[in-house]
Amino acid sequence: MKNILNINSGLFKTLIFVGIILLLNACNSEQEYNSLKKTPNIVLIVADDLGYGDLSCYGATKIQTPAIDGLASDGMSFSNAYVSSSLCSPSRYSILTGRYSWRSRLKFGVLKYYEKPLIEKDQTTLASMLQNQGYYTACVGKWHLGFNWALNENAPENPEKTVFNSWTDNLQQYIDFSKPVKGGPIERGFDYFYGMVGSNNMQPYVYIENDRVTEAPSEPQKAYDHYKNAEKAPNWDIKTINQMFTFKAVDVINNHFQKNSDDPLFLYFPASAIHRPCLPTFTKGKSEAGLRGDIVVELDWTVKEIVDALKENGEYENTLLIFTSDNGPRPGDPVLWLNNYKEGNYENYNLDYFDDYSPEYVNENGNNIWSNGWLTYGHDAAGDLLGFKSDAWDGGYKVPFIVHWPGKVNSGSISNDNICLTDLMATFAEILGQDLNEQEGEDSYSFLPTLLNPEAPVERQSLTLVGGASGAFIEILNGWKYIEPAVKGRWPETFYPDGPSAFEPQLYNLGEDKSETNNLYEQMPDKVKELQQQIEKIKKSVKSEGM
């Protein structure tokens with residue numbers, strides 16, 4: 001009897017031990033399940049004119065970007081991330097709508113100073129989709145997708161043409177800055193907006209908070225590599241715009257999690273950096289790639305500030321953070337304005353080593369910027385790709401794309417899959433278990449499977465893009481790229497001085513010729529026809545580029 005009791009006692013202890021282990025495993029499983037179930041914050045940082053070769057984690061040697069590199073080392077970098085257009089307005093339209101910009105009214109170029117909204121009022125955006133899923137949605141930075149401006153009594157006849165569709169310098173004299181500015185971010189799904197209308201070199205030189213101009217233009221704006229004959233608001237400082245937006249973004253993060261810790265945050269941060277004019281302050285001289293390189297360093301500081309704010313609020317581990325760019329880069333610093341800074345009534349931004357370099361990419365047929373050329377300082381802003389911002393070659397389209405998502409994305413992973421920035425909408429929808437209808441994200445394909453498993457099959461099979469300056473269609477399919485001839489009479493920047501003529505049809509085998517040096521158009525008519533047919537197919541249908 002004693003032996004039986006001893007055996008039962010030992011068995012009882014064993015059963016208790018096993019039970020505790022099972023209970024602990026169950027608790028851990030439940031915690032893991034709850035962690036997976038928890039809705040992530042989403043922070044989307046979109047740089048302005050940042051090139052494929054501008055980050056040290058993408059190969060730059062004359063610019064160091066430790067904060068962004070940290071996201072890459074702890075997350076996933078994409079080697080073939082494409083924007084839908086090589087200019088900002090159409091690219092940003094596609095980012096927010098999941099729709100190719102050529103399906104909108106904007107066929108080439110960018111929106112003018114006071115142009116009407118490009119995103120239709122009933123169009124689903126990333127912000128409205130996430131807002132409907134319980135997110136607090138905020139946009140801080142550059143909008144450049146249009147507003148509905150109120151006119152004053154000085155407005156000329158036919159303002160649709162003479163004001164809203166004009167590049168004339170002195171248009172602000174017709175605007176009533178005291179009235180609400182409609183049709184902007186807060187009517188396209190954002191709960192909060194603080195930012196500027198277009199690029200930092202475009203009027204009006206004012207900040208907008210929600211739907212109100214914070215201060216009307218009333219002071220002369222000195223021309224720094226940008227347009228003249230326009231006044232600025234007293235609180236507008238061309239040198240510190242990106243810093244202002246960074247502080248505002250940090251404020252959004254802090255205020256949200258201190259007041260609404262149970263609600264997930266979507267922060268869309270379209271930075272003003274590194275668009276011209278590049279006027280570094282505390283990062284001046286911190287790179288070896290001129291003023292532009294110094295502003296890339298400032299952008300890296302911005303990323304660190306945002307990351308630190310998320311960490312301080314205990315939200316970094318539950319945040320899907322994506323860093324990318326709206327299109328390809330400019331080559332470097334414009335020589336015209338470096339000379340102006342030396343000779344005019346300006347602070348001299350030139351550093352000693354600038355004189356060691358000669359102008360490159362001089363285009364005698366270009367505007368006054370391109371005809372004087374650029375200083376690159378031996379830095380390849382687009383890496384080993386052909387072309388720059390506004391061009392139809394990959395230098396205008398391929399951008400850095402880094403995804404940091406702790407516990408979901410493998411550290412230091414790399415994806416060579418083709419994705420387009422239109423794909424953000426379908427990806428976010430799949431993360432949230434939401435189905436998109438036929439009118440939502442028409443050109444968006446989820447890359448969530450790639451994030452969770454780099455070996456997973458990719459859904460997107462082709463890319464149907466459009467030249468930023470030329471409006472020419474571009475098709476990428478099975479490693480081949482076809483470029484339609486440019487339409488004459490459009491932006492002069494289409495004439496890339498060191499590349500093939502933009503008016504010639506082009507075909508490249510990207511698998512063997514990533515720098516697009518060997519035009520195979522004449523040798524491979526069947527391949528050309530295949531890609532031309534794909535363009536026509538996508539024009540007539542939506543959601544037809546997936547598996």
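The values are calculated or read from the model by the stated rules, or taken from the named source; none is laboratory data. This structure is a prediction, so every number in the text was calculated from the model and none was measured. Ideal geometry is used to build each Cβ from the backbone, glycine not excepted, and the neighbour counts take in all protein chains shown.
Here are the numbers for the structure shown:
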item: Test: residue in the range 359-380 that is under 30 Å from Glu504 (Cβ atoms) and touching a Lys or Arg at 6+ places or on another chain (Cβ under 6 Å); result: yes
item: Residues being over 16 Å from Asn235 (Cβ atoms), in contact with a strand residue (DSSP E or B) (Cβ under 8 Å, 6 or more places away or on another chain) and either without any contact (Cβ under 8 Å) to a residue 12 or more places away in the chain or surrounded by fewer than 23 Cβ atoms within 10 Å (Cβ to Cβ) (or both) - total across the range 182-195; result: 5
item: Selection count where residues are charged (D, E, K, R) and under 18 Å from Leu421 (Cα atoms), scope the range 40-90; result: 2
item: The listed residue being loosely packed, with under 15 Cβ neighbours inside 10 Å and out of contact with any His (no Cβ under 9 Å at 6 or more places or on another chain), out of Glu484, Glu455, Glu459, Glu440; result: Glu455
item: Members of the range 352-370 found to be in contact with a helix residue (DSSP H, G or I) (Cβ under 9 Å, 6 or more places away or on another chain), assigned to a loop (DSSP other than H, G, I, E, B) and surrounded by 15 or more Cβ atoms within 10 Å (Cβ to Cβ), listed by number; result: Tyr357, Pro359, Val362, Asn363, Gly366, Ile369, Trp370
item: Qualifying residues in the range 258-294 (those that are touching a strand residue (DSSP E or B) at 6+ places or on another chain (Cβ under 7 Å) and part of a helix (DSSP H, G or I)) - the one surrounded by the most Cβ atoms within 10 Å (Cβ to Cβ); result: Arg292
item: Wholly enclosed strands (runs of 3 or more DSSP E) of the range 402-492 bearing at least 1 residues closer than 28 Å to Val307 by Cβ; result: 413-420
item: Flag for Trp393 being aromatic (Phe, Trp, Tyr) and touching a Pro at 6+ places or on another chain (Cβ under 7 Å); result: no
item: Test: residue in the range 393-401 that is over 28 Å from Ile483 (Cα atoms) and either assigned to a loop (DSSP other than H, G, I, E, B) or of a type outside the set (Lys, Arg) (or both); result: no
item: Flag for Leu421 being modelled with pLDDT of 90 or more, surrounded by fewer than 17 Cβ atoms within 10 Å (Cβ to Cβ), out of contact with any Asp or Glu (no Cβ under 6 Å at 6 or more places or on another chain) and within 17 Å of Val403 (Cα to Cα); result: no
item: Residue in the range 119-138 that is within 20 Å of Tyr194 (Cβ to Cβ), aromatic (Phe, Trp, Tyr) and outside any strand (DSSP E or B) present; result: yes
item: Pairs where the first residue, in the range 390-411, is in contact (Cβ under 8 Å) with a residue 60 or more places away in the chain and the second is assigned to a strand (DSSP E or B) and charged (D, E, K, R), C-beta under 9 Å, 6+ apart; result: Trp393/Lys481; Asp394/Lys481
item: Pairs where the first residue, in the range 196-220, is under 10 Å from Trp236 (Cβ atoms) and the second is loosely packed, with under 15 Cβ neighbours inside 10 Å, C-beta under 6 Å, 6+ apart; result: Glu215/Pro234; Glu215/Asn235; Glu219/Pro234
item: Qualifying position, being of a type in the set (Gly, Ala, Ser), within 30 Å of Glu438 (Cβ to Cβ) and either in contact with a Phe, Trp or Tyr (Cβ under 8 Å, 6 or more places away or on another chain) or assigned to a helix (DSSP H, G or I) (or both), among Gly51, Gly109; result: Gly109
